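As structure tokens, the structure follows; a few thoughts come after it.
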Amino acid sequence: MKSRRTLHPATLFLLLTVVIVFFSWIFDIYEVGVAHPHTGESIYVQSLLGSESIRWLLRNVTANFTGFAPLGMTLVAMLGIGVAQHSGMIDACIRRTHGTKSEHSKGIVIGGTIFAGILSNVVGDAGYIILLPFAATLFESAGLHPVGGIVTAFVSVACGYSANIFISTLDPLIARITQEAATGVGLPEGSIAPLSNYYFMFVSTF
């Protein structure tokens, strides 16, 4: 099912690429730059329309694509979402909740997206990769704007980061921070475990 309200993802990426190239050209003309935080050296924006920049892009296009760390997870997630959408599975799930595109099903989709976004840190940063396109597909199937799904998922993942009803990959990191604070008030070293913050994180989820 194609949406008439949104552009194709490939078109969006192409437009964003053109915008980036255009602004790099503008910033290069006005010599926009920043100072390196350690050396103090001025680093200026280089135009992507220059001959050397185009050669660099062509030489590194494969390395940039394959060197993108979340690429594997992104491809698997997009394949799964694409199959679920075009096979009619998502539409069937929406209709199963309470009729086709009813207000009740819309509320379930919005609430479920928010809750899933909060809990997504159980798999680290993968929530940004997996949940955003999935939320857009769900919102579109429920008769809502897909961009609203992306925004809802992004805000939920960002604001609910570290809060969870399950043990997540962040709990060991948070435990180390808690241990440093505990050591500062005189508690012995090693008295904080990854489960020490569980009750606080559980309540923070809601």
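The values are calculated or read from the model by the stated rules, or taken from the named source; none is laboratory data. A quick note: this is a predicted structure, and the numbers were derived from the prediction, not measured. Neighbour counts run over all protein chains shown; Cβ positions are idealised from the backbone, glycine included.
Scanning the range 27-69 for residues that are small (G, A, S) and under 29 Å from A126 (Cα atoms) gives A63, G67, A69. Only one of the listed residues (A135, A126, A158, A116) is buried (at least 22 other Cβ atoms within 10 Å of the Cβ) and either within 17 Å of the chain's Cα centre (by Cα) or touching a residue at least 24 places away in the same chain (Cβ under 8 Å) (or both). That residue is A135.
Among the residues of the range 36-53, which ones are among the hydrophobic types (A, V, I, L, M, F, W, C) and under 29 Å from the mean Cα position of the chain (by Cα)?
Matches in the range 36-53: I43, V45, L48.
Scan the range 139-147 and tell me whether some residue there is of a type in the set (S, T, Y), in contact (Cβ under 8 Å) with a residue 24 or more places away in the chain and in contact with a Lys or Arg (Cβ under 9 Å, 6 or more places away or on another chain). Yes, the range 139-147 contains a residue that is of a type in the set (S, T, Y), in contact (Cβ under 8 Å) with a residue 24 or more places away in the chain and in contact with a Lys or Arg (Cβ under 9 Å, 6 or more places away or on another chain). Considering only the range 170-180, I want to know if a residue exists there that is within 30 Å of the chain's Cα centre (by Cα), surrounded by fewer than 16 Cβ atoms within 10 Å (Cβ to Cβ) and within 18 Å of F115 (Cβ to Cβ). No, the conditions are met nowhere in the range 170-180.
Condition check ((1) modelled with pLDDT of 80 or more; (2) surrounded by fewer than 12 Cβ atoms within 10 Å (Cβ to Cβ); (3) not assigned by TED's automatic domain parsing to the domain that holds F22) across all residues:
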{"position": "T62", "(1), (2), (3)": "yes, yes, no"}
{"position": "L75", "(1), (2), (3)": "no, yes, yes"}
{"position": "I81", "(1), (2), (3)": "no, no, yes"}
{"position": "A84", "(1), (2), (3)": "no, no, yes"}
{"position": "G88", "(1), (2), (3)": "no, no, yes"}
{"position": "R95", "(1), (2), (3)": "no, no, yes"}
{"position": "G99", "(1), (2), (3)": "no, yes, yes"}
{"position": "S102", "(1), (2), (3)": "no, no, yes"}
{"position": "K106", "(1), (2), (3)": "no, no, yes"}
